[in-house]
Amino acid sequence: MTIDLTVLGSAGSHTGEGRLCSGYLVESGGTRLLLDAGNGATANLQRFVALRDLDAVVVSHRHVDHCIDLIGCYYNLRFDPAFDPPLPLYAPDGVHATLTALLSGDGPMAFDDVYAHTEVAHGDRLTIGPLQLSFARSRHPVPTVSTRIEAAGATLVYSGDSAGGPDLVEIARGADLFLCEATWAGDPDAYPRDIHVTGAQAGAIAQQAGVGRLVLTHIAGGTDRDAVLAEARDAFDGPVELAEDLARYRVG
């Protein structure tokens, strides 16, 4: 069995020219999973699947460039007569509170009318159709998870936002495709600590984890994308490429 990955948005922290924020459609055996829902990403999602046909949503953390589109999805689903609620939502601490607060004061409408939220944390595992998911803590200023997705021998790992570290190396170990943030390029000491990684650091993580293929995403709008790619290629022996919005990958 394979896992199909579609990049819905690949920009880091804010939208860029022609690029939306973090969002990925993961499909296998008829199951459809939305992985993050940053600014504008669900517009691209609807090119491939109706929101009502999603089986679940996984959000890496509460920063709006990874979850804000779930508010728009709320209104889409709340008034869709063909939607059979609720839509399962798996996310770390802080996501549910952030999103429910954005709907407070909107009369009788409530976030939980549409979503069934389950909090996930380091070491948690769950099954969605043929997909086996496991989570690891990520080094980031708010509670964040990296996600490993497996289906009959195919393995996709998504870093979420991360400053790297041994937990990310371990959850990425041996993955067929490693979708890793690479927000910056150049000297890591030129940037705030414990927030994101550079292209070189992403490549080094992929090398340590022994992954098969590295796809770099969440590159900030002001970052030189070619520099990110060159750094990662210097640090990782395997194939490396930059994620592009609407790019599709088959894993396994």
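Every number in this text was worked out from the coordinates using simple rules, so none of it is lab data. A quick note: this is a predicted structure, and the numbers were derived from the prediction, not measured. Quick reminder, even Gly has a Cβ in these numbers, built from the backbone with ideal geometry, and neighbours come from all protein chains shown.
Antiparallel beta bridges, as assigned by DSSP with both residues in the chain, represent about 55 percent of the total such bridges.
Going from the residue with the fewest nearby Cβ atoms within 10 Å to the one with the most, T6, T118, T198, T127 rank T127, T118, T6, T198.
For the pair region 144-200 and region 76-140, the centres of their Cα atoms are 22 angstrom apart. As a rough footprinting exposure proxy, the listed residues R19, R173, R47 were ranked by other beta carbons within 10 Å of their own, and the order from fewest upward is R47, R173, R19.
Judged by the mean number of other Cβ atoms found within 10 Å, the most tightly packed of the peptides 27-34, 201-208, 110-117 leads the ranking 201-208, 27-34, 110-117. The angle between the Cα long axis of helix 225-235 and the longest principal axis of the Cα atoms of the chain comes to about 60 degrees, rounded to the nearest 10. I'd like the orientation of helix 69-78 relative to the chain: the angle between its Cα long axis and the longest Cα principal axis, in ° from 0 to 90, rounded to 10. The two axes meet at around 30 degrees.
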